[in-house]
1. Pairing the Cα long axis of helix 17-29 with the longest principal axis of the chain, what angle in degrees results, from 0 to 90 and rounded to the nearest 10?
2. Express the accessible area of segment 1-95 per residue in Å², computed with a 1.4 Å probe while the remaining protein chains stay in the model.
3. Sorting Arg63, Arg131 by accessible area (1.4 Å probe), largest first, what list results?
4. Determine how large the accessible area of Arg124 is when every protein chain is in place; take a 1.4 Å probe and give Å² rounded to the nearest 10.
5. Stokes-Einstein at 25 °C, 0.890 mPa s, Kirkwood radius from Cα pairs: D for the chain in µm² s⁻¹?
6. Compute the helix-to-body angle for 94-110: its Cα long axis versus the longest principal axis of the chain, expressed 0 to 90° and rounded to tens.
7. I'd like the carbon and sulfur percentage of the solvent accessible area for segment 17-165, probe radius 1.4 Å, heavy atoms only, ligands and nucleic acids excluded.
8. Angle, helix 149-158 long axis vs. longest principal axis of the chain, Cα atoms, 0 to 90°, nearest 10?
Amino acid sequence: MSITRAIFPGTFDPITNGHLDLIHRGSRIFDELVVAVLRHPEKNPLFSLDERVEMLREVTTDRDNVSVATFDGLLVDFARQTGASAVLRGIRAISDYEYEFQMALMNRRLAPEVEVVFMMPAQRYTFVSSRLLKEVYLLGGEIEDLVPPIVLERLRAKVAVPSHL
Ligand code: PNS
């Protein structure tokens, strides 16, 4: 019997409840889901690669068919090396669509055998992004129900919120 392995790639700086929701959905439809953290993203990450991987491992320990890996270079090359037949991406809103559409078609051009599968997170997470929640946290806003507890702990340990709050 063949195994369907999928990659869930991203920067995960840091993982949000929206990502986690997608991981849970993906782990229910694929036999194996490999969460793949980009080692050197163009944007300068707040969390180191090790920190991003540690947080992902911690929040996925309850899922036997989910693993965490890192990659550099082309995503499709990593998918091929891993023996993955699918790439999972989340679509939150129409604004995500254009970027995701371009990436999906470019990836298909590079590796037609790797299918890109889009899933929607729960509605309550459709406005959540790593970039926005870091901004809100750094300005002293509440983000408690948008990230797993370990992310909040790590954020608090890394950056103190402004003193006026
Ligand atoms: O979390 P992000 O920033 O939305 O993830 C973007 C990611 C990592 C999926 C994308 O930047 C990527 O695949 N990078 C690897 C390099 C690559 O394959 N580029 C061509 C994409 S068509």
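1. On a 0 to 90 degree scale, this one is about 30.
2. Numbers: 4680 Å² over 95 residues.
Ligands and nucleic acids excluded, the result is 49 Å² per residue.
3. Details: Arg63 65, Arg131 155 Å².
These residues rank, largest area first, as Arg131, Arg63.
4. Here the residue's solvent-accessible area equals roughly 150 Å².
5. Details: Rh = 16.5 Å.
The calculation lands on 149 µm²/s.
6. With both axes taken from Cα atoms, the answer is about 40 degrees.
7. On the way: 4700 of 8870 Å².
Roughly 53 percent, rounded to a whole number.
8. So the inclination is approximately 60 degrees.
The values are calculated or read from the model by the stated rules, or taken from the named source; none is laboratory data. Computed from a predicted model, the values in this text were never measured in an experiment. Accessible surface is based on the protein model in full, side chains and every heavy atom, while ligands, DNA and RNA are left aside. Shrake-Rupley method; radii C 1.70, N 1.55, O 1.52, S 1.80 Å.
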